[in-house]
Amino acid sequence: MKNKKFKLLVAALMIISLLSGGITGCGSNSNSDSKAAAQNTESNSTTKAVSGSEDKDTFKINIAVDSGTFAYPFWVAKNKGILKKYNIEANYQTYAYGIDTINAVQLDQADIGEAMDFAAVSRLGGASELQFISFIAGNKLSAAKLYVLKDNIQKVEELSGKSVVVQKGTVNEYVWAQTYAKFGIDPKSVNPLYISSTAEGLALVKSGDADAIWAGADISSQVEELGGRNLGDYSLIGFAPQGFLMLKKGYLEKNNEGVQCLLKALKEAVDIINADPEEAANIVKDNFKIPVENIARVLGDTIFDIRLSQQDVDQLDSVTKWSIRNKLIKYDFSVRDYIYLEPLQAVFPDTITYKK
C-alpha cells in the first residue's frame with residue numbers, strides 16, 4: 001500500500017513539474033526566452049529590439065514590414081487574430097521598401113525584416129549577423145512590366161541614353177542591371193532617376209522626366225493612364241524576384257521558440273492569401289493606400305509560402321555571385337553561410353528541400 005502511494009506521489013510530482021515549465025510551445029516562451037527578456041528590459045523599447053516578456057505566455061517581437069508585397073502576410077496574421085492565437089504581441093514598423101526593413105534589423109530597431117533576394121544579399125558579408133530563415137513571397141514572371149513613356153522608344157534596346165526610374169538598393173536595381181545585360185545596353189549610357197518611394201516614381205512619370213519604369217500591379221494602371229506602353233514583363237529578363245525573412249543570429253539563438261510560433265502564424269496567413277486573394281485583399285485594405293482591386297492583383301501575381309527550397313537557395317546564390325562579379329556588391333561571401341534552419345526545421349521540416 002505504501003509503495004502504491006509512493007508511486008502515485010512521484011507521478012503527481014512529475015505532472016506538476018511538466019506543467020510548471022517542462023512543456024513549452026507557442027503559448028509559452030522557453031526559459032532561454034525568459035532570460036533574454038530579462039536582459040532586454042534594460043533597453044529602451046522605442047529604439048532597441050525587444051524580445052521575450054515578463055509574461056511567459058506572450059512572445060513580443062518588433063516586426064519591420066515594407067509598404068507592399070511582403071507586408072500582406074504580416075497584416076493578415078494580425079487582422080485575422082492569428083498572432084493573438086499564438087500568443088504573439090507584435091509591434092509593427094512600416095518602411096517604404098524591403099531593404100529598409102533589413103536596415104532596421106541591422107540597427108537593432110527591429111527584430112525581423114523581409115526583402116527580395118538582391119536587397120537581402122547586399123547586406124551580407126563582412127561582420128553581418130543577418131540570417132535567412134525562410135522564403136516568404138516571390139514574384140511570378142507577370143508581377144511587373146517594363147513601361148516606356150515616350151513615342152520614340154519602341155524596343156528595350158532603345159533605352160540607351162534615356163532616363164529610367166530606379167529604386168536604389170532594392171531588387172529593382174538588380175532588375176535594371178539584368179535588363180541592360182540582356183539587351184546589350186551600356187549602363188553608363190542610361191540616366192538613373194533614383195527614388196525612395198513608389199509615389200516619387202509616379203511623380204517622375206507624370207512630370208514627363210522618366211522615359212521608362214518597371215511597375216508592379218499596384219501602380220501599373222496609373223502608369224498606363226499616364227501614357228505608359230508595356231514592352232513586356234519579367235519574362236524579358238528571365239528573372240522573377242524572390243523574398244525572404246531575415247533576423248540576426250543572436251536573436252534567433254535566444255528566441256528560437258518564439259520565432260517558431262511566428263512562422264506558424266505566417267503559414268496560416270499565407271494559406272489564407274493563397275486560397276482567396278480577393279478575401280485577403282479585403283482583410284488588409286485598411287493598411288494600404290491603394291485600391292483593393294490593385295491589392296488583389298498584386299496578391300494574384302505573387303507566390304506566398306513558408307519554406308526553404310533548393311531552388312530558393314540556388315537563386316540567392318546566383319544573384320549573389322552575379323552581383324559580386326559585376327561589382328553591385330563589394331564583399332565576397334557564400335550565401336550558404338547565412339542560412340539558419342532551426343526554427344523552420346522544428347515546425348515545418350517537410351518544407352526544407354535545401355541541402356547544404
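Residues that are open to solvent by 20 Å² or more (accessible area, probe 1.4 Å), small (Gly, Ala, Ser) and farther than 30 Å from ALA64 by Cα within segment 212-249 comprise GLY227, SER235, listed in sequence order.
Taken over segment 194-214, the criterion of being in contact with a strand residue (DSSP E or B) (Cβ under 7 Å, 6 or more places away or on another chain) and of a type outside the set (D, E, K, R) is satisfied by TYR194, ILE195, GLY201, LEU204, VAL205, ALA210, ALA212, ILE213, TRP214. Take ASP100 and decide whether it is under 14 Å from the mean Cα position of the chain (by Cα), farther than 16 Å from ALA269 by Cβ, among the acidic types (Asp, Glu) and crowded, with 24+ Cβ neighbours inside 10 Å. Here the answer is no, as ASP100 does not meet what is asked. Listed here are the strands (runs of 3 or more DSSP E) enclosed by segment 99-196 that have at least 2 residues being within 24 Å of LEU341 (Cβ to Cβ): 112-116, 130-139.
The numbered conditions (1) on the phi > 0 side of the Ramachandran plot; (2) touching a Gly at 6+ places or on another chain (Cβ under 7 Å) are all true for GLY81 except (2). PHE348 falls short on exactly one of the conditions (1) closer than 24 Å to GLU173 by Cα; (2) open to solvent by 20 Å² or more (accessible area, probe 1.4 Å), and that condition is (1).
State yes or no: is TYR92 in a strand (DSSP E or B), at pLDDT 95 or above and either β-branched (Val, Ile, Thr) or out of contact with any Pro (no Cβ under 9 Å at 6 or more places or on another chain) (or both)? Yes.
Scan segment 161-202 for residues that are open to solvent by less than 30 Å² (accessible area, probe 1.4 Å), farther than 22 Å from TYR95 by Cα and of a type outside the set (Phe, Trp, Tyr) and jot them down. Hits for segment 161-202 are SER163, VAL164, ALA177, GLN178, THR179, ILE185, VAL190. Screening LYS356 on (1) farther than 23 Å from THR69 by Cβ; (2) modelled with pLDDT of 95 or more shows it passes everything except condition (2).
Yes/no per residue for (1) in contact with a helix residue (DSSP H, G or I) (Cβ under 7 Å, 6 or more places away or on another chain); (2) open to solvent by less than 40 Å² (accessible area, probe 1.4 Å); (3) over 23 Å from LEU344 (Cβ atoms); (4) free of Cβ contacts under 8 Å to residues at least 40 places away in the same chain:
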residue: PHE70; (1), (2), (3), (4): yes, yes, no, no
residue: VAL76; (1), (2), (3), (4): yes, yes, no, no
residue: LYS80; (1), (2), (3), (4): yes, no, no, no
residue: ILE112; (1), (2), (3), (4): yes, yes, no, no
residue: SER134; (1), (2), (3), (4): yes, yes, no, no
residue: VAL148; (1), (2), (3), (4): no, yes, yes, no
residue: LEU159; (1), (2), (3), (4): no, yes, yes, no
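Regarding ILE283, is this residue touching a Lys or Arg at 6+ places or on another chain (Cβ under 8 Å), in contact (Cβ under 8 Å) with a residue 40 or more places away in the chain and either basic (Lys, Arg) or under 20 Å from ALA119 (Cβ atoms) (or both)? The answer is no for ILE283.
The residue that is nearest to the chain's Cα centre (by Cα), among those in segment 114-132 that are more than 27 Å from GLY258 (Cβ to Cβ) and either acidic (Asp, Glu) or open to solvent by less than 10 Å² (accessible area, probe 1.4 Å) (or both), is PHE118. When segment 326-337 is filtered for residues that are in a helix (DSSP H, G or I) and free of Cβ contacts under 8 Å to residues at least 12 places away in the same chain, only ASP337 remains.
The values are calculated or read from the model by the stated rules, or taken from the named source; none is laboratory data. Since we're looking at a predicted model, the values are computed, not measured. Note that we place each Cβ from the backbone using ideal geometry, even for glycine, and neighbour counts take in every protein chain shown. All accessible areas refer to the heavy atoms of the entire protein, side chains included, with ligands and DNA or RNA removed. Shrake-Rupley method; radii C 1.70, N 1.55, O 1.52, S 1.80 Å.
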